[in-house]
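Read the structure below first, then the notes.
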Amino acid sequence: MQLLDGKIISEKFKIKISEEVVAMRKNSGKQPHLAAVLVGNHGASETYVASKMKNCEIVGFKSTLIKLENKISEEELIKKILELNENNDIDGIIVQLPLPAHINPEKITECIDYRKDVDGFHPVNLGRMQRNLSSFIPATPYGIMLMLEEYGIKTEGRHCVVVGRSNIVGLPMSILMARDSNPGNCTVTLCHIYTPEVKLHTSQADILIVAVGKRNFITADMVKPGAVVIDVGINPEISRQTKTGYKLYGDVDFDKVSSKTSWITPVPGGVGPMTITALLKNTLLAAKQRLL
Ligand code: GUN
């Protein structure tokens, strides 16, 4: 078993991004600028957004965090997004999900100018991605593709099973792995909540990608020997030793599964850092495209 180390690779990418930012500022005076909108005080979202802002700073981007009250109306939020669309200094916009129940996330996603949609959630970007045209690719699947490419994992002709069909991870992941691309060109099975026997599929997977949000969802009996296993889960649990502080667990029972695999991502330090790096790459791309 070998580890797919997202921390090491993301550091390499971030050095490259920083160098490009230095060159961009020298050549055009432009500095990439990401705006993040955070509605309410969802604990995990606050942590994720803070990490995104910190990483912008690390690579030399400008970043603006717009914190809005939980009770903000859908209309007011849309107005804020339209302002960001119009703001010439801003290259990328993300609205952190989940949103409060009274706000329709689909409507909000469609309001973001697709040329600034560095999360790649807008239907234009999703459609262009499916057609293999240049687009912003959602950060987590994009980060996984970068990781597979970096480690030279062969995907062509292999059977990829994705568990979870969220708009953020599972669904775009299944499209990318089925696409005529490298990585890609897989035979893809997409399992979800209505799949009667998930194990039937996962145990056939050469490449298994899991994004369900349940600790230990994937046990050793569900994994084919020699498989590549990508664990997207981030499940915080209070540490048993100290009873304080959280420890993060993936969706895969790492201790029992890892010895069966050829490659596996750890949690933390696997997919998580790659997600942020992919968002930075999308923001740099948005800034470059706005220079053209
Ligand atoms: N919530 C969980 N993951 C993401 C993400 O990648 N982007 C946004 N906007 N919200 C999220």
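If you take the residues of region 150-179 that are over 17 Å from Met129 (Cβ atoms) and without any contact (Cβ under 8 Å) to a residue 40 or more places away in the chain, which of them is surrounded by the fewest Cβ atoms within 10 Å (Cβ to Cβ)? Full working, then the answer.
Step one: list which residues in region 150-179 are over 17 Å from Met129 (Cβ atoms), which gives 150-154, 156-159, 161, 163-164.
Going one step further and asking which of them are without any contact (Cβ under 8 Å) to a residue 40 or more places away in the chain, we end up with 152, 154, 156-157.
Numbers: Gly152: 7, Lys154: 13, Glu156: 11, Gly157: 9.
Per the criteria, the residue is Gly152.
Report whether or not Met177 is outside the structural domain of Thr64 (by TED's automatic domain parsing), in contact with a helix residue (DSSP H, G or I) (Cβ under 9 Å, 6 or more places away or on another chain) and within 15 Å of the ligand (Cβ to nearest atom).
Values: outside the structural domain of Thr64 (by TED's automatic domain parsing): yes; in contact with a helix residue (DSSP H, G or I) (Cβ under 9 Å, 6 or more places away or on another chain): yes; within 15 Å of the ligand (Cβ to nearest atom): no.
It is false that Met177 is outside the structural domain of Thr64 (by TED's automatic domain parsing), in contact with a helix residue (DSSP H, G or I) (Cβ under 9 Å, 6 or more places away or on another chain) and within 15 Å of the ligand (Cβ to nearest atom).
Identify the residue in region 84-112 that is under 20 Å from Lys30 (Cα atoms) and among the acidic types (Asp, Glu) and, among all such residues, is surrounded by the fewest Cβ atoms within 10 Å (Cβ to Cβ).
Checked region 84-112; the qualifying residue surrounded by the fewest Cβ atoms within 10 Å (Cβ to Cβ) is Glu86.
Which residue pairs have Cβ atoms closer than 8 Å, lie 6 or more positions apart in sequence or on different chains, and pair a first residue in region 1-25 that is touching a residue at least 24 places away in the same chain (Cβ under 8 Å) and surrounded by 13 or more Cβ atoms within 10 Å (Cβ to Cβ) with a second residue that is part of a helix (DSSP H, G or I) and among the basic types (Lys, Arg)?
Cβ pairs passing all conditions: Phe13/Lys281; Ile17/Lys281; Met24/Lys288.
Here is a check on your reading of the model: is Leu208 out of contact with any helix residue (DSSP H, G or I) (no Cβ under 7 Å at 6 or more places or on another chain) and modelled with pLDDT of 95 or more?
So Leu208 fails the test.
Are any of the residues in region 73-88 hydroxyl-bearing (Ser, Thr, Tyr) and under 25 Å from the mean Cα position of the chain (by Cα)?
Step one: filter region 73-88 for residues hydroxyl-bearing (Ser, Thr, Tyr), giving 73.
Applying the additional criterion that residues be under 25 Å from the mean Cα position of the chain (by Cα) yields none.
No, there is no match, as no residue in region 73-88 is hydroxyl-bearing (Ser, Thr, Tyr) and under 25 Å from the mean Cα position of the chain (by Cα).
Select from region 130-145 the residues that are closer than 12 Å to Ile175 by Cα and aromatic (Phe, Trp, Tyr) and list them in ascending order. Walk me through how you get there before you give the answer.
Narrowing region 130-145 to residues closer than 12 Å to Ile175 by Cα: 130-132, 137-138, 141-142, 145.
Correct list: Tyr142 only.
Out of Glu75, Glu110, Glu86, report the one residue that is within 15 Å of the ligand (Cβ to nearest atom) and more than 23 Å from Glu46 (Cβ to Cβ).
On the way: Glu75 fails: within 15 Å of the ligand (Cβ to nearest atom); Glu86 fails: within 15 Å of the ligand (Cβ to nearest atom).
Residue meeting the stated conditions: Glu110.
Could you check how many residues of region 225-259 are buried (at least 17 other Cβ atoms within 10 Å of the Cβ) and of a type in the set (Lys, Arg)? Explain how you work it out, then say what you get.
Narrowing region 225-259 to residues buried (at least 17 other Cβ atoms within 10 Å of the Cβ): 227-235, 249-254, 257-258.
Within this subset, residues satisfying the condition of being of a type in the set (Lys, Arg) are none.
Summing the residues that are buried (at least 17 other Cβ atoms within 10 Å of the Cβ) and of a type in the set (Lys, Arg) in region 225-259 gives 0.
Quick check on Val95: is it among the hydrophobic types (A, V, I, L, M, F, W, C), outside the structural domain of Asn41 (by TED's automatic domain parsing), farther than 22 Å from Val267 by Cβ and within 16 Å of the chain's Cα centre (by Cα)?
Values: among the hydrophobic types (A, V, I, L, M, F, W, C): yes; outside the structural domain of Asn41 (by TED's automatic domain parsing): no; farther than 22 Å from Val267 by Cβ: yes; within 16 Å of the chain's Cα centre (by Cα): yes.
Judged against the criteria, Val95 is not a match.
Out of all the residues in region 190-208, is one or more within 17 Å of Ser258 (Cα to Cα), touching a residue at least 24 places away in the same chain (Cβ under 8 Å) and within 19 Å of the chain's Cα centre (by Cα)?
yes
Within region 32-44, which residues are assigned to a loop (DSSP other than H, G, I, E, B) and free of Cβ contacts under 8 Å to residues at least 40 places away in the same chain? Break it down into steps so the answer makes sense when it comes.
Residues of region 32-44 that are assigned to a loop (DSSP other than H, G, I, E, B), as a first pass: 32, 40-42.
Matches in region 32-44: Asn41 only.
Does Ala287 meet the test of being more than 16 Å from the ligand (Cβ to nearest atom), farther than 27 Å from Asp119 by Cα and of a type in the set (A, V, I, L, M)? Even if it seems obvious, please write down each step before you answer.
Numbers: more than 16 Å from the ligand (Cβ to nearest atom): yes; farther than 27 Å from Asp119 by Cα: no; of a type in the set (A, V, I, L, M): yes.
So Ala287 fails the test.
Which residue is farthest from the chain's Cα centre (by Cα), if the candidates are limited to region 113-128 and must be buried (at least 19 other Cβ atoms within 10 Å of the Cβ) and hydrophobic (A, V, I, L, M, F, W, C)?
Leu126
Go through region 137-161 and give me each residue that's more than 16 Å from the ligand (Cβ to nearest atom), touching a strand residue (DSSP E or B) at 6+ places or on another chain (Cβ under 9 Å) and either modelled with pLDDT under 95 or not basic (Lys, Arg) (or both).
Across region 137-161, the qualifying residues are Leu148, Tyr151, Ile153, Thr155, Gly157, His159, Cys160, Val161.
Quick test of your reading of the structure: Arg131 fulfils all but one of (1) surrounded by fewer than 16 Cβ atoms within 10 Å (Cβ to Cβ); (2) closer than 21 Å to Lys67 by Cβ. Name the failing condition by number.
Among (1) surrounded by fewer than 16 Cβ atoms within 10 Å (Cβ to Cβ); (2) closer than 21 Å to Lys67 by Cβ, the lone unmet condition for Arg131 is (2).
Kindly provide the set of residues from region 89-107 that are more than 15 Å from the ligand (Cβ to nearest atom) and of a type in the set (A, V, I, L, M, F, W, C), ordered by number.
Ile90, Ala101
The values are calculated or read from the model by the stated rules, or taken from the named source; none is laboratory data. All values reported here derive from a predicted model rather than from experimental measurement. Please note: Cβ atoms are built from the backbone with ideal geometry, for glycine as well, and neighbour counts cover all protein chains shown.
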